[in-house]
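Comments concern the structure below.
The values are calculated or read from the model by the stated rules, or taken from the named source; none is laboratory data. This is a predicted model, so every value here is computed, not measured. Quick reminder, even Gly has a Cβ in these numbers, built from the backbone with ideal geometry, and neighbours come from all protein chains shown.
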Amino acid sequence: MAEKDFGSTFAIYAKDHVPLPPRSAEVLTTACDYCTVACGYKVYRWPVGSEGGMRAAENALKTDFPYQGVLRPWVSPSQHNIVRHRGKPHHVVVLPDFETKVVNTNGAHSIRGGTLAQKCYNPENRTSERLLYPMIRVRGTLMPASWELATEVMADISKYILKQYGEHAWGIKMYSYQYFENTYAITKLGMSTIGTPAIAPHDKCSNTNDAAGLDDAGIDSFAASYEDWGMCDVAFMSGVDPYETKTALFTEWIMKGANPGKKLIFVTPHKTAGVAYGVKNGGLWLPIIPGTDTLLHNALARIIIENKWQDQAFLDRWVANRWEVDSGYGRGTRNTGWQWRTTWGTWQSDWPDYQKFILGRDEHRVENAAKITGLRAEDIRRCAEMIAKPLPDGQHPKTSFMLEKGNYWSNNYMNTTSFSALALICGAGNRAGRVISRGGGHQRGMMSAGGGSGWLNPEKYPGRRKKSFNLDRWMIDGKLKFAWVFGTTWFAAMLASQELADAAYRMTRGNPNQISNLDRKAIFEVLKKRVDSGGMIFVDSDIYPVEPIGTQIADIVLPAATWGEEDFTRCNSERRLRLYAKFYDPPGEAKPDWWAVAKFAQKMGFAGYDWKDSNEIFEEAARLGRGGVLNYQPLVVKARAEKQRGHELLRTYGTDGIQTPIRIRDGKLVGTPRLHDPANDWGEIEGQEVHRQWLYAFNTHSGKAVLLKSPWNFPGWIQFYDAIKPRSEKGEIWITNGRVNETWQSGFDDLRKPYLAQRWPYPFIVVHPNDARKRGVEGGDFVQVHNDTVYVQTGEPTGVKDEDLNFNTLLKNGHIKTTEGQFVAVAVVSEEIREGVAMANFNYPSAPANAVCHAVPDPMTNNYRYKLGRGVLTKLGESPYKRSFTSMTLKPRHII
Amino acid sequence: MSQQTMKPHEHGEDREGGVCMNRRSFLLAGGATVTVVALGAIPGLTAAQGKPQFALRASYPRQKVGTLSALATGKPVNFTYPYPQVQNMLVKMGVPGGGGVGPGSDVVAFNLICPHQGGPLHGTYKPEHQILGACPLHLTTFDLTRHGMVISGHATESLPQIVLETQGNDILAVGVMGLIYGFSRNVVNPRAA
């Protein structure tokens, strides 16, 4: 009988041998390059030509191979690579550290970190796509150039633009996480030296808050330690499945930790593996309609208040009363960026007023909230019981509250204000196992040099407050003449992505003034004509060619050296600081971004950029970060006293690192597990310390947390929400977006890792079977998602009256442009997603799911509402993955 | 019934010096009948002290692991291969899969140890989805229709697949695609004929 042909198009990478590191291998410590958890890793490096033996005495893992057992050191083929170290070929094996007692205990690792070795440059595999030398675009094609010429050209035109158009015509779009040394150098250039307001991080259109409602309540977004998630009885997780996006935090601390029997509640339309695990173990899945979390939180608060389940002792001690709310004008001095929000009266509250608000509105009744949120009333009631109902002994359950982007990227301000208020009345916020915190996305690698120039921003809120600077709008409006982009896709990561990319293309390649040869003076003349005729210049620093900004748009592309190619530092989401050791040579002419910044700054004639290595920046930045939660200045002071370098002292802390803010007691460095915890109060401070009351109290003037009200019909929200909901007459459904475990904070590498490229060769969209059936879509089909009405905010809207920045007023006054957006994805048809909602792959450069989402920022915070896209799904045909046996499994994620 | 082998997933030569198995190497490995335990070829195997738990074979054996007529759809059967310590399962999925043998190309075999951190996958087969898992340690799941690819979870490799052939009604294991957890090599010389 002949074999049937069921697809055989793609490669299989299945090795059945891997070299073991010999006893002589050098061992260096680092942490993962990807998600916020930052598991500790060890790098074993040895020259090509030898291998370790299978006997324990003959390999660096001190393990006899082969063995059959669990949780022991093992090298998978993906954990090995061959790199150049000091010009000579070396084996490297990158393994989770089995000895660490923090973060990733028991050798835990994700599929991303577990394949770190595969990200290292090796010309024999797809990492050969790395950028190897600076390039300048000549008539559309990138040509090799020297660092000298590239930075001279940048400096020539920058000087002209700064003189002719001013600082705010010169901008930076930057990662906020890719190591302290780089972010400090970049912000020193942009904010301190040039002094432009036109700087935005990779994940926001402006330099604004992420979870603003937490900030306004006085809660630091990264107040918790991982051990808190281990200790709690109940974890309420909003807009996040940490199994997908915080792997070792979930597997080592949420599934285990001090209390492995904890109950898990997930508020998300997508039932992924962590949700399925939670439900199987007595937890709850609340598949909410996108954008309606505020009402869920308020309905839960109502049930709690009606039943008197609130933690009254905590409220009495730790929540501000009316007079305390007003002290310091809500949260501090009147000059704080967010002060205006809390003093308006719409939001600020105290316990009696908050109760009145919750009980006084009909939409907070559970039946009414159930209708709008799409949840079952009994599930909302059960959730309230789980998080707040006192136990038979009268004790309150130890509930911790985690939020992430499903929460604050759908209704930025109100989902976070209502979330923080709910958590506070349950008694969470400042003690072991009872925390309020973000889960985290990327790691905490921003060390700002400060000195921003927000006062140059033409936008302002009603009243006299300046808004944060919306770089997307500024660029679309043609006000930006020069943009230096560091390690981000910019367009795919923001909203109305295609509109944004079109604007960038129009002002660069669409302008008739194109570089036609590599003569420095000729380049300056043509770029001058470009900017004087409404065009602009893009410089893109990255490790790979990025679609479309690097491949199609940028005039200058600079090759960056990255993880493993330079000594770097940063913190994870429990503020744990580690040294990420250099262990191999960067490819070609690639240089760390701090080096490129310094080179450019020197060409500009700026002083203060003569760093010899990354450690010098680490030490310089310490002083400026000492007032913040990432303060490591005491480590640098101690290192200097001991006549060693800051990086070298940190290296001795290995994969354990130390949690910031760091303090000194009896001459020893002491880390800080949890913020706002009264146990952190050491009394009088000494030496290098800076007095910060958020160490042992909430981050408000009174030290008490502020309860915030979140009225569902607030016009700054409801007008937008009503305008962007899916239109049933057009057959639209919600198109939300997100990422999955296999490609989380690692998208820039994944297509170059053979196994991950095989797993996700093309972006997905998860569609409910009922939605798929109606549209004739089957798993593996290519589908187009199209939204014919995508809103984009334009112009310079300044608020004078309260309603000026609300959607309807913006529309009336001509500040809302209507455009369209589409993308193509491979359908995964599965009951894991709520019906009426489809979840697409976020920030995939060639298929930007954000193209169908609206670039109208939350008027309260100037942050985007990324998750609220809509669109019509149309089958285009079968993808090659539909019948392949080797690529892109289409199976459901919630089977456990 | 003709002899069935791994389907031809052509993908070029091994570029890194490791072993990237293709049809040819499967055939070579599967065609070998050498089961001599080779000592001396590998460091550590000949040492007098600290012996490994078991010695490696020179190449993959051909071993009968079941019969087509005895397999019921959705009901896995466990077997050991290529060593008595290494546990695998054979299953008729009812839908075709990569490397599947039998009239429906739906009979496949996989190792039962999770290539993430060694968790046992015994008894976790989900016949309605052709999924193995979730692993009890960290919840990884594997798609048995697509060569054991990770669906969700943390393994950095697909689940090692036992390469099958049929001879009449007999199902033979002839090789392993992918490194078995706890091993640094499956056999002494995986490419030896």
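Summary table
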{"quantity": "Residue match in the stretch A:215-237 (condition: assigned to a loop (DSSP other than H, G, I, E, B), without any contact (Cβ under 8 Å) to a residue 40 or more places away in the chain and under 28 Å from A:Val837 (Cβ atoms))", "calculated": "no"}
{"quantity": "Residues of the stretch A:342-370 classified as within 15 Å of A:Phe419 (Cα to Cα), modelled with pLDDT of 95 or more and not in a helix (DSSP H, G or I), total", "calculated": "0"}
{"quantity": "Qualifying position, being more than 7 Å from chain B (Cβ to nearest Cβ), within 16 Å of A:Tyr580 (Cβ to Cβ) and in contact with a strand residue (DSSP E or B) (Cβ under 9 Å, 6 or more places away or on another chain), among A:Tyr41, A:Tyr34", "calculated": "A:Tyr41"}
{"quantity": "From A:Leu249, A:Leu162, residue being over 25 Å from A:Gly625 (Cα atoms), touching a Pro at 6+ places or on another chain (Cβ under 8 Å) and either part of a strand (DSSP E or B) or modelled with pLDDT of 95 or more (or both)", "calculated": "A:Leu249"}
{"quantity": "Search result, residues across the stretch A:99-122 that are more than 10 Å from chain B (Cβ to nearest Cβ) and either under 27 Å from the mean Cα position of the chain (by Cα) or more than 14 Å from A:Val43 (Cα to Cα) (or both)", "calculated": "A:Thr100, A:Lys101, A:Val102, A:Val103, A:Asn104, A:Thr105, A:Lys119, A:Cys120, A:Tyr121"}
{"quantity": "Tally, over the stretch B:139-180, of residues that are out of contact with any Pro (no Cβ under 8 Å at 6 or more places or on another chain), in a loop (DSSP other than H, G, I, E, B) and at the interface with chain A (Cβ under 8 Å from one of its Cβ atoms)", "calculated": "4"}
{"quantity": "Where B:Gly94 falls short, out of the listed (1) at positive phi; (2) buried (at least 19 other Cβ atoms within 10 Å of the Cβ)", "calculated": "(2)"}
{"quantity": "Every residue from the stretch A:625-683 that is touching a Ser or Thr at 6+ places or on another chain (Cβ under 8 Å) and aromatic (Phe, Trp, Tyr)", "calculated": "A:Tyr632"}
{"quantity": "Options A:Thr660, A:Thr672, A:Thr655; residue that is in contact with a Cys (Cβ under 7 Å, 6 or more places away or on another chain) and in contact (Cβ under 8 Å) with a residue 60 or more places away in the chain", "calculated": "A:Thr660"}
{"quantity": "Condition broken by A:Ile111, with the remaining ones in (1) assigned to a loop (DSSP other than H, G, I, E, B); (2) over 21 Å from A:Leu756 (Cβ atoms); (3) among the β-branched types (Val, Ile, Thr) satisfied", "calculated": "(2)"}
{"quantity": "Counted residues, the stretch A:59-81 - those being more than 7 Å from every other protein chain (Cβ to nearest Cβ), closer than 17 Å to A:His17 by Cβ and touching a residue at least 40 places away in the same chain (Cβ under 8 Å)", "calculated": "3"}
{"quantity": "A:Tyr226 within 14 Å of chain B (Cβ to nearest Cβ) and either of a type in the set (A, V, I, L, M, F, W, C) or under 23 Å from B:His138 (Cβ atoms) (or both)", "calculated": "no"}
{"quantity": "Residue match in the stretch A:474-485 (condition: under 25 Å from the mean Cα position of the chain (by Cα), under 30 Å from A:Tyr580 (Cα atoms) and not small (Gly, Ala, Ser))", "calculated": "yes"}
{"quantity": "Residues being out of contact with any Gly (no Cβ under 9 Å at 6 or more places or on another chain) and either among the small types (Gly, Ala, Ser) or more than 9 Å from chain A (Cβ to nearest Cβ) (or both) - total across the stretch B:120-138", "calculated": "2"}
{"quantity": "The stretch A:546-587, residues that are in contact with an Asp or Glu (Cβ under 7 Å, 6 or more places away or on another chain), of a type outside the set (A, V, I, L, M, F, W, C) and closer than 30 Å to A:Asn513 by Cα", "calculated": "A:Gly550, A:Pro559"}
{"quantity": "Qualifying residue in the stretch A:645-662 (condition: surrounded by 18 or more Cβ atoms within 10 Å (Cβ to Cβ), aromatic (Phe, Trp, Tyr), modelled with pLDDT of 95 or more and part of a loop (DSSP other than H, G, I, E, B))", "calculated": "no"}
{"quantity": "Strands (runs of 3 or more DSSP E) completely within the stretch A:778-896 that count 1 or more residues being surrounded by fewer than 21 Cβ atoms within 10 Å (Cβ to Cβ)", "calculated": "A:781-793, A:816-829, A:869-878"}
{"quantity": "Within the stretch A:356-389, tally of residues that are farther than 15 Å from A:Lys263 by Cβ, touching a Pro at 6+ places or on another chain (Cβ under 8 Å) and not small (Gly, Ala, Ser)", "calculated": "3"}
{"quantity": "Single residue of the stretch A:49-58 satisfying the filter (facing chain B (nearest Cβ under 8 Å) and part of a loop (DSSP other than H, G, I, E, B)) that is farthest from A:Gly564 (Cα to Cα)", "calculated": "A:Arg55"}
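Conditions tested, residue by residue: (1) over 20 Å from the mean Cα position of the chain (by Cα); (2) more than 23 Å from A:Phe807 (Cβ to Cβ); (3) away from chain B (no Cβ under 14 Å); (4) of a type outside the set (Lys, Arg).
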residue	(1), (2), (3), (4)
A:Glu831	yes, yes, no, yes
A:Ala838	yes, yes, yes, yes
A:Ala849	no, no, yes, yes
A:Pro859	yes, no, yes, yes
A:Asn862	no, no, yes, yes
A:Lys867	no, no, yes, no
A:Leu876	yes, yes, yes, yes
A:Met888	yes, yes, no, yes
A:Ile896	yes, yes, no, yes
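One line per residue, one yes/no per condition, for (1) in a loop (DSSP other than H, G, I, E, B); (2) surrounded by 21 or more Cβ atoms within 10 Å (Cβ to Cβ); (3) in contact with a Lys or Arg (Cβ under 7 Å, 6 or more places away or on another chain):
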{"site": "A:His701", "(1), (2), (3)": "yes, yes, yes"}
{"site": "A:Trp712", "(1), (2), (3)": "yes, no, no"}
{"site": "A:Gly716", "(1), (2), (3)": "no, no, no"}
{"site": "A:Gln719", "(1), (2), (3)": "no, no, no"}
{"site": "A:Glu729", "(1), (2), (3)": "no, no, no"}
